[in-house]
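The values are calculated or read from the model by the stated rules, or taken from the named source; none is laboratory data. Bear in mind that the values here come from a model prediction, so they are computed numbers and not experimental data. Glycine also receives a Cβ, built like all others from the backbone with ideal geometry; neighbour counts cover every protein chain displayed. Calculation scope for accessible area: heavy atoms of the full protein, side chains included, ligands and nucleic acids excluded. Shrake-Rupley method; radii C 1.70, N 1.55, O 1.52, S 1.80 Å.
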Amino acid sequence: MVKPEALVSALADPDRLQLFARICAAPDGLETSAATAKLAKRLVDAGLVTVAGDRYRAVPSVFREALAKAPVDPLDALFRHGRLVSIPHSGRRRQLLLAYLADRFEPGRLYTEQDVREKLSMVHDDHATLRRYLVDEGLLQRSNDGGAYGRPAEARAAG
């Protein structure tokens with residue numbers, strides 16, 4: 001699904017906008033040319049235009065698709081600009097959040113405490129709480145010697 005922002009970005013350049021208008025106004029599409037290829041590429045990449053043979057054709061349905069409501073991700077409300085702004089105390093959203101965070105850790109790899117801190121600090125300042133929740137829920141496990149973390153099977157093997 002194309003995001004509305006991608007369409008606006010593709011049409012933000014006056015030359016691309018003018019080319020798109022010419023494509024829309026041409027009943028049989030606009031003939032391709034070397035002069036329009038670079039501008040048209042961005043329109044094609046955004047899904048606004050298709051190339052059929054030697055003609056550019058507008059795709060008006062892309063606007064309707066971009067405005068269609070995407071399924072709401074229950075985690076979206078927890079993040080702002082890629083950063084976690086609140087940690088649910090319990091429930092389904094907390095489980096989803098912890099599973100999402102656990103996916104940042106590659107199966108089969110061991111991580112030092114510093115590695116875990118760095119990965120979780122990218123999401124939220126309270127990395128220690130997130131690490132503790134991941135360990136408490138069994139999504140991340142600390143080795144017996146406390147020196148390594150990993151997905152449950154990998155961490156056990158290290159310690």
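Placing unit charges on the Cβ atoms only, positive for Lys and Arg and negative for Asp and Glu, gives the range 39-159 a dipole magnitude near 440 debye about its Cα centre. Put simply, the amide H of Ala148, placed in the peptide plane, has neighbours under 5 Å in Ser143, leaving out anything fewer than 5 places away on its chain.
Extents of the chain, taken as max minus min of Cα coordinates on every principal axis and listed largest first, are 71, 30, 23 Å.
Of the trypsin sites (Lys or Arg not before Pro) found in the range 11-70, those that fall in a DSSP loop while having at most 15 other beta-carbon atoms within 10 Å are Lys69.
Taken per residue, the accessible surface of the range 1-121 reaches 65 Å², heavy atoms only and a 1.4 Å probe.
Taking the Cα atoms of the range 99-158, the ratio Rg/Rh between the radius of gyration and the Kirkwood radius comes to 0.92.
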